[in-house]
Amino acid sequence: MKLATLKNGRDGELIVVSRDLTRAVRATGIAATLQQAIEAWDALAPQLEALYAKLNDGQAEGAFDLDQAALHSPLPRTYHWADGSAYLNHVQLVRRARNAEMPETFWTDPLMYQGGGDKFLAPTEDIEAVSEEHGIDFEGEIAVVTDDVPMAVTPEQAAGHIKLVMLVNDVSLRGLIPGELAKGFGFFQAKPASSFSPIAVTPDELGDAWRDGKVHLPLTVHLNGEKFGEPEAGPDMIFNFPQLVAHAGRTRYLGAGAIVGSGTVSNPDPDGGPGKPVSDGGVGYSCLAEVRMVEKILHGDSKTPFMRFGDRVRIEMFDREGKSIFGAIDQQVVKYQPK
């Protein structure tokens with residue numbers, strides 16, 4: 001099934017969305033918010049599924065035409081947002097940009113940071129930035145939402161706790177990252193608010209594209225109206241979602257509504273190279289840091305700038321028939337104006 005959240009108060013209002021993303025119905029009497037639904041998932045999911053079936057059959061009372069601009073991120077805030085880095089081609093490239101070696105342990109032990117979950121951006125909300133000098137970048141990713149996950153969960157057990165899948169724009173301020181990491185205490189200022197796709201879907205909605213704990217479809221990214229990347233999300237994901245959830249829960253409980261991200265979707269060339277831009281016949285990239293590093297490797301210098309005020313990024317995923325699955329993250333960068 002497909003779920004979304006209307007902009008209505010701090011936590012929004014839960015709605016069920018039709019498979020083709022054209023119609024929706026409020027989940028009135030089942031759960032007021034997605035957080036409420038995920039906290040009692042086993043009891044409420046069957047009721048939401050029944051409403052979803054009625055909606056797709058044209059029999060849901062109170063159904064209305066869906067306006068994706070009226071939607072918030074499925075969870076406007078969460079108790080736990082942890083983002084991994086499961087695509088090691090991306091890790092290798094961005095580490096080379098800071099002249100950092102790639103430890104062998106990265107192939108066996110996932111990277112992960114804990115982001116700010118107190119306020120996410122809506123999928124069509126402006127990305128406010130203090131300065132272009134901070135190196136504003138987008139990162140196209142996939143994320144899962146869990147129910148309550150016990151501590152020390154195994155990957156096999158973690159698979160059963162994954163309830164929803166959605167897309168992410170994990171905004172990064174590249175210019176602030178080296179200084180923060182040099183302190184030895186991780187990201188903070190370099191990771192402002194993220195945004196998520198307007199629609200969250202249950203894994204079964206993806207059909208055979210959901211297998212091995214991964215999404216086997218390309219992630220499409222446009223920058224200022226031009227295709228920037230369409231990397232495949234499945235083949236080069238070194239750690240799958242059950243492994244990432246288990247890593248996050250190794251020494252702590254994850255509360256219902258926890259979000260675990262994949263990290264930036266990234267593919268190397270078939271011959272082992274760092275990847276090619278779409279304009280050169282490659283699958284492109286899901287962030288600017290990668291193309292800048294490839295330019296530096298191939299040409300000695302980075303020519304592609306980071307995002308500037310007025311730039312727009314669009315992140316979306318389509319099924320094999322060309323239909324949008326999650327709706328689109330479509331955001332413009334604007335200069336922050338104190339209120």
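The values are calculated or read from the model by the stated rules, or taken from the named source; none is laboratory data. The structure displayed is predicted, hence computed values, not measured ones. Neighbour counts run over all protein chains shown; Cβ positions are idealised from the backbone, glycine included. Side chains are part of the model used for accessible areas, which takes the heavy atoms of the whole protein and leaves out ligands, DNA and RNA. Shrake-Rupley method; radii C 1.70, N 1.55, O 1.52, S 1.80 Å.
Of all residues in the stretch 225-263, exactly one satisfies the criterion of being in contact with a Pro (Cβ under 6 Å, 6 or more places away or on another chain), closer than 22 Å to Gly207 by Cβ and part of a loop (DSSP other than H, G, I, E, B), namely Glu230. Once the stretch 285-333 is narrowed to residues that are at pLDDT 95 or above and of a type in the set (Gly, Ala, Ser), the residue that is surrounded by the most Cβ atoms within 10 Å (Cβ to Cβ) is Ser286. Return yes when Val260 is modelled with pLDDT under 95, of a type in the set (A, V, I, L, M, F, W, C) and either in contact with a Gly (Cβ under 8 Å, 6 or more places away or on another chain) or more than 25 Å from Leu93 (Cα to Cα) (or both) and no when it is not. No.
Listed by first and then second residue, the pairs linking a residue in the stretch 256-281 that is over 30 Å from Ala37 (Cα atoms) and among the hydroxyl-bearing types (Ser, Thr, Tyr) to a residue that is in a loop (DSSP other than H, G, I, E, B) and open to solvent by 30 Å² or more (accessible area, probe 1.4 Å), with Cβ atoms under 9 Å apart and 6 or more places separating them unless they lie on different chains, are Ser266/Asp236. Here the condition is being at positive phi, part of a helix (DSSP H, G or I) and open to solvent by 30 Å² or more (accessible area, probe 1.4 Å); of Gly179, Gly175, Gly207, Gly184, it holds for Gly207 alone. Of all residues in the stretch 84-96, those that are under 15 Å from Ser172 (Cβ atoms) and open to solvent by 20 Å² or more (accessible area, probe 1.4 Å) have Cβ atoms under 7 Å from Cβ atoms of residues that are at pLDDT 85 or above and part of a helix (DSSP H, G or I), 6 or more apart or on another chain, in Val94/Ala289; Val94/Met293.
Annotation note: Cβ proximity below 6 Å between a residue of the stretch 166-191 that is of a type in the set (Val, Ile, Thr) and a residue that is not in a loop (DSSP other than H, G, I, E, B) (sequence gap 6+ or interchain) occurs for Val168/Glu141; Val168/Ala143; Val168/Phe196; Val168/Gly261; Val171/Ile127. Scanning the stretch 35-92 for residues that are more than 30 Å from Pro235 (Cα to Cα), among the small types (Gly, Ala, Ser) and outside any loop (DSSP other than H, G, I, E, B) yields Ala37, Ala43, Ala45, Ala50, Ala53, Ala69, Ala70. If you go through the stretch 231-274 and keep only what is over 30 Å from Lys119 (Cβ atoms) and either within 21 Å of the chain's Cα centre (by Cα) or open to solvent by 60 Å² or more (accessible area, probe 1.4 Å) (or both), you end up with Glu232, Gly234, Pro235, Asp236, Ile238, Asn267, Pro268, Pro270, Asp271, Gly272. Candidates are the residues of the stretch 23-42 that are without any contact (Cβ under 8 Å) to a residue 24 or more places away in the chain and over 21 Å from Ala258 (Cβ atoms); the one that is farthest from the chain's Cα centre (by Cα) is Gly29. Quickly run through the stretch 1-32 and pick out the residues that are under 15 Å from Ala69 (Cα atoms), open to solvent by 50 Å² or more (accessible area, probe 1.4 Å) and assigned to a strand (DSSP E or B). Residue satisfying the conditions is Arg23 alone.
Against the criterion of being open to solvent by 30 Å² or more (accessible area, probe 1.4 Å), farther than 18 Å from Val130 by Cβ and part of a loop (DSSP other than H, G, I, E, B), Gly160 does not qualify.
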